[in-house]
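Please read the structure below before turning to the comments.
The values are calculated or read from the model by the stated rules, or taken from the named source; none is laboratory data. Please read these numbers as outputs of a predicted model, since none were measured by experiment. All Cβ positions, glycine included, derive from the backbone under ideal geometry; neighbour counts span all protein chains shown. Side chains included, ligands, DNA and RNA excluded: accessible areas come from the protein's heavy atoms. Shrake-Rupley method; radii C 1.70, N 1.55, O 1.52, S 1.80 Å.
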Amino acid sequence: MSSNSPKDTLRQHNRQGMTYAQAGVDIDAGNELVTRIKPAVRSTLRSGADGEIGGFGGLFDLKAAGFEDPVLVAANDGVGTKLKIAIEAEKHDTVGIDLVAMCVNDLVVQGAEPLFFLDYFATGALDVEAAAQVIEGIAEGCRIANCALIGGETAEMPGMYAKGDYDLAGFAVGAAERGTLLPSAELAEGDVLLGLASSGIHSNGYSLVRRLVEKSGLSWDCPAPFDPEMTLGEALLAPTRIYVRALLAALGRQEAAHGGIKALAHITGGGFTENIPRVLPQALAAEIDLFSLTPPPVFGWLQEVGNIAEAEMLKTFNCGTGMVVATAADNADAVTRTLEQAGERVQRIGQLIRRESQPVVYIGKLEYARAAS
């Protein structure tokens, strides 16, 4: 019996010629993906962008977009462990919307109009169908936000990810005319806080959500206890709401007064407790009337399964409010009408008060909606 030495094995591989594909990277699959997604990318065309991909960098013309003296605003984010639900439930068509939403909502809260977006998709072995669904979702999010998808990167990295796993990162750039950025220096005691309804959990708190689903013993294809017409996976993958068009309508990009809006807070990880103070001066605090909030049934189910304290819910989840708007009291009704005409559900949820100790003060108690049994 004979056996090959390591040197013999190496010589044999050298004679055969090693390829990148043998190392686990399929360039042909990457090219197939680019061809597949080109129509979706073109569908995001807007003034200032050409809607094509494939070059070494994306181009955007600020002048063609109508800006005169712009300040650029940039944001990047991911989707987090919500991706694990998409992977395990084999539903990949909505997490791309989440990716765009988490970035462009952060731009508009600063008074900026989102202009263009780039994505990063990383996986161990490229599944063209799953990746195409993700990127088509990204294109859908860009269309909702009127934001051009001008480029991205697909990285196939064998050994870095388990079979079927992938990760996402998004990068968005917007602009505002100089002097119109938010928050305004005119925030004052007595200003009204309006809440814009969320579409569900959005894209934060999912490490806890997944633990609670595990505790419940339910699988992703079971009927959702809080919405029996959907599977649990479908319900928990409801994409993050994109508030861009409604808020830009209320801001009025060319109006220095911003249509009455003084500040905006995107309610993501950290909930009300961490996000509202980011836009307030040291002298002011937000007083939130919890009785004015109506958390959708998913939050009631999560709270019940985990016996989660109210303070933890408010610091982890959006509890049904994905965006907070601060406006002068005499402008609140006009701002509300504009936002409602643009399709948002708006609720007056509190006011700004003089800060004493905490930057967010809660009055009342959360009352959860429970699904009908």
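Observations
- Candidates are the residues of region 265-280 that are among the hydrophobic types (A, V, I, L, M, F, W, C) and in contact with a helix residue (DSSP H, G or I) (Cβ under 7 Å, 6 or more places away or on another chain); the one that is surrounded by the fewest Cβ atoms within 10 Å (Cβ to Cβ) is A265.
- Some residue of region 105-113 being of a type in the set (V, I, T) and part of a loop (DSSP other than H, G, I, E, B): yes
- Region 161-182 residues that are free of Cβ contacts under 8 Å to residues at least 40 places away in the same chain, paired with ones that are in a strand (DSSP E or B) (beta carbon under 9 Å, 6 or more apart): Y161/A122; Y161/T123; Y161/D167
- Leading residue by the ranking (modelled with the highest pLDDT) among those in region 235-263 that are of a type in the set (D, E, K, R) and surrounded by fewer than 18 Cβ atoms within 10 Å (Cβ to Cβ): R245
- Test for G343: is it modelled with pLDDT of 95 or more and in contact with a Lys or Arg (Cβ under 6 Å, 6 or more places away or on another chain): no
- Selected residue (criterion: modelled with the lowest pLDDT) from residues of region 136-156 that are β-branched (V, I, T) and farther than 21 Å from L126 by Cβ: I150
- Restricting D191, D167 to residues that are of a type outside the set (K, R) and surrounded by 19 or more Cβ atoms within 10 Å (Cβ to Cβ) narrows the list to D191.
- Inclusion of D119 among residues that are in a strand (DSSP E or B) and of a type in the set (D, E) is warranted.
- F67 being without any contact (Cβ under 8 Å) to a residue 12 or more places away in the chain and more than 23 Å from the chain's Cα centre (by Cα): no
This table checks each residue for (1) open to solvent by less than 60 Å² (accessible area, probe 1.4 Å); (2) polar (S, T, N, Q); (3) within 25 Å of the chain's Cα centre (by Cα).
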| position | (1), (2), (3) |
| --- | --- |
| Q282 | no, yes, no |
| F291 | no, no, no |
| W301 | yes, no, yes |
| T321 | yes, yes, yes |
| V324 | yes, no, yes |
| A342 | yes, no, yes |
| G350 | yes, no, yes |
| R355 | yes, no, no |
| I363 | no, no, no |
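- Within region 225-253, tally of residues that are within 19 Å of E214 (Cβ to Cβ) and in contact (Cβ under 8 Å) with a residue 40 or more places away in the chain: 8
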